[in-house]
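Trainee: Sharing a structure below in structure tokens format, with a few things to ask.
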Amino acid sequence: MQGLSYTQVTDGVRKWRLSADRAKMDRKTGVITLFNVNVTFFKEKGGWIKIKSDRADYDQKNQVVGLKGKVRGRTSDGLTLRTEAMTYFDKEKLVDTDYPVTVAGKRFKINSRGMKVFVPEERVVFKKEVDSTFIPVGSGPPRGATIENPN
């Protein structure tokens, strides 16, 4: 199939939109493979999350989506995501990857080997080898200040 586009609407509200250059289905396994994939999730409280990848495998039976190859994401409030692969488990509402991942915003950048996203809670857990950089706002306390000696 060439040029696929689909929007999921529930009770008149857009939930997500998917587009891909082409798709194929393995009739034995029921897995649908999509190529050059773009997905937009519409958040309940406004805003969006856009994710693209070279390929996605959708296992209908187990409700699992595996994104592979140059997985890139961004949000309406300016966050970005980069990794090589990640998996979404619909039953658990969980995103998981063991690949290196970078998440960045205007004033921070986090690199990690692996990440879990608990979707309903919008909670992220970075698994290991975490390296983070945060840029503070304002001048902050003087250099060398501690709680015991605020200077």
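The values are calculated or read from the model by the stated rules, or taken from the named source; none is laboratory data. Only a predicted model underlies this, so the values are computations on that prediction, with no experimental measurement involved. All Cβ positions, glycine included, derive from the backbone under ideal geometry; neighbour counts span all protein chains shown.
Trainee: Within the set of pairs 6+ apart or on separate chains, which have a first residue in the stretch 123-142 that is without any contact (Cβ under 8 Å) to a residue 12 or more places away in the chain, a second that is assigned to a strand (DSSP E or B) and of a type outside the set (A, V, I, L, M, F, W, C), and C-beta atoms under 8 Å apart?
Mentor: Note: pairs meeting the criteria are VAL125/LYS116.
Trainee: If you take the residues of the stretch 27-67 that are touching a strand residue (DSSP E or B) at 6+ places or on another chain (Cβ under 6 Å) and among the polar types (S, T, N, Q), which of them is modelled with the lowest pLDDT?
Mentor: Only one residue fits best here, namely THR40.
Trainee: When only residues in the stretch 11-37 that are β-branched (Val, Ile, Thr) and surrounded by fewer than 16 Cβ atoms within 10 Å (Cβ to Cβ) count, which is nearest to LYS68 (Cα to Cα)?
Mentor: THR29
Trainee: Quick one: is LYS70 over 19 Å from MET25 (Cβ atoms) and modelled with pLDDT under 95?
Mentor: no
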